[in-house]
1. Quick one: how many residues across region 14-41 are part of a helix (DSSP H, G or I) and over 21 Å from E70 (Cα atoms)?
2. Step by step: first the residues of region 5-37, then only those that are modelled with pLDDT of 95 or more and within 18 Å of A111 (Cα to Cα), then the one that is least open to solvent (accessible area, probe 1.4 Å). Which residue is that?
3. Within region 42-66, count every residue that is in a helix (DSSP H, G or I), over 16 Å from A16 (Cβ atoms) and among the aliphatic types (A, V, I, L, M).
4. Taking the options L112, L140, L126, name whichever one is out of contact with any Pro (no Cβ under 7 Å at 6 or more places or on another chain), at pLDDT 85 or above and within 12 Å of E70 (Cα to Cα).
5. Does region 93-105 contain at least one residue that is among the aliphatic types (A, V, I, L, M), modelled with pLDDT of 95 or more and surrounded by 13 or more Cβ atoms within 10 Å (Cβ to Cβ)?
6. Output the residues belonging to region 38-66 that are closer than 15 Å to Y137 by Cβ, out of contact with any Pro (no Cβ under 9 Å at 6 or more places or on another chain) and either surrounded by fewer than 18 Cβ atoms within 10 Å (Cβ to Cβ) or without any contact (Cβ under 8 Å) to a residue 40 or more places away in the chain (or both).
7. For region 107-128, what are the residues that are over 12 Å from D39 (Cβ atoms), in contact (Cβ under 8 Å) with a residue 24 or more places away in the chain and assigned to a helix (DSSP H, G or I)?
8. Does region 1-58 hold any residues that are of a type in the set (D, E) and more than 14 Å from the chain's Cα centre (by Cα), and which are they?
Amino acid sequence: AQAVRQAWARLGPVVAEAGAELELGTLPPVWLAEARLVDLFAILLANAVEYRVPGHAPRITVSGALQGSEAVLSVADDGIGIQPRYHQQVFLPFERLHTQTQYPGTGIGLALARKIVERAGGRIWLESEPDRGTVVYVALPQRGLP
């Protein structure tokens, strides 16, 4: 939860401009360096704020649970969503689904998130439909944690 709060604070001006709201649920402990976890959440939260419905203040929910030997975290938004055919493509470097004028950015965020998660031995994926928001899931192994 502390990593989510730090990431949210890092996005301060963007969050304020968008009028974004964050709901923070219960989160399990994870085995990942705090700096990497903050970076991961900053990427996921920034995307949730950026890809919002125009004229709509985004609502983002971060939650998680233990599932077997993994901590599964989720970042859910009520944004523009992603067509199913692009669910894997968005995790590739420099793969953008929109023009720079529609949504600025480099197309590196989710690729970097994937690298952080995979280096920790985890998995990342998403569920989304156009106009119905997106949920990004991160599953991290529970090595060395009770």
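The values are calculated or read from the model by the stated rules, or taken from the named source; none is laboratory data. Just so we're clear, the structure is a prediction, and the values are computed from it rather than from any experiment. Every residue, glycine among them, receives a Cβ derived from its backbone with ideal geometry; neighbour counts consider all protein chains shown. Calculation scope for accessible area: heavy atoms of the full protein, side chains included, ligands and nucleic acids excluded. Shrake-Rupley method; radii C 1.70, N 1.55, O 1.52, S 1.80 Å.
1. 5
2. Filtering first and then ranking leaves A7.
3. Going through region 42-66 one residue at a time, the tally reaches 2.
4. Checking each option against the conditions leaves just L140.
5. no
6. F41, T61, S63
7. L110
8. E17, E21, E34, listed by residue number.
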